[in-house]
Amino acid sequence: MSQTGKKGIVSVVLWDVVPMIGTYYGCRALGVSEYAAMLAAASVGFLRVAYVALRQRRFDGFAAFMATVFGVGLVLSFLAGDEKFLLAVKSITNAIAGLIFLGTCAAGRPAGFAVAKLFGAEDAETARRWEVLYAAEPAFRRVYLVMTLVWGIVLLMESAVRIPLIYLLPTDVMAGLSSLLLLATIGLLGLWAAWYGKRGERATLGLRPVEAAEAP
């Protein structure tokens, strides 16, 4: 995985996972109820998303994807009646994310390519080279179609596994375990996607001279 990708994963852990888990267990240590602690943790997550959106001051396809997922999650959180459902909201939003990934494949614009550029491209030159290959080579586009399909299916499977665990295990256990399961899933998908993407790029460049692939 590229240094950019590693930094992206570390950033997700530090800014998107740790604050939510810390908020939940901090509230519980102060005697706050499970439901109120879960609502506080969810609010921290939504504030983080809003801050990033305002700081970047732009709205693109990936931003639209994140806004849809977290917007649905926010609505469901305030409609929730207990802490178990609040935990399940995270799995529901992941399932929605999986469906969106699959939907972009059906629409002919696999979201995996935008995500790969965001987290995998070492620099602007790498992103430009990928864009040229994506526009010119069906084999390269197929790599990101497969990648997006795998992401969508795995996110749906992860949600299907996590929701039963939420109702079988104590809330205080699943509050942390749920985020760790998601992080492990995303991490493994990221490692696989980095390997598969580089393999696909090498295979595509083997079909034509590098100079031709980089031509404007």
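None of the figures in this text is laboratory data; all of them are computed from the coordinates on show. Computed from a predicted model, the values in this text were never measured in an experiment. Using ideal geometry, Cβ is built from the backbone for each residue, glycine included, and neighbour counts are taken over all protein chains shown.
Structural remarks
- Highest mean first, the peptides 187-194, 165-172, 38-45 sorted by other C-beta atoms within 10 Å per residue fall in the order 38-45, 187-194, 165-172.
- Between the beta carbons of ARG109 and LEU30, assuming R0 = 41 Å, the FRET efficiency works out to 0.30 to the nearest 0.05.
- Per-peptide packing, taken as the mean over residues of other Cβ atoms within 10 Å, places 108-116, 23-31 in the sequence 108-116, 23-31 from highest down.
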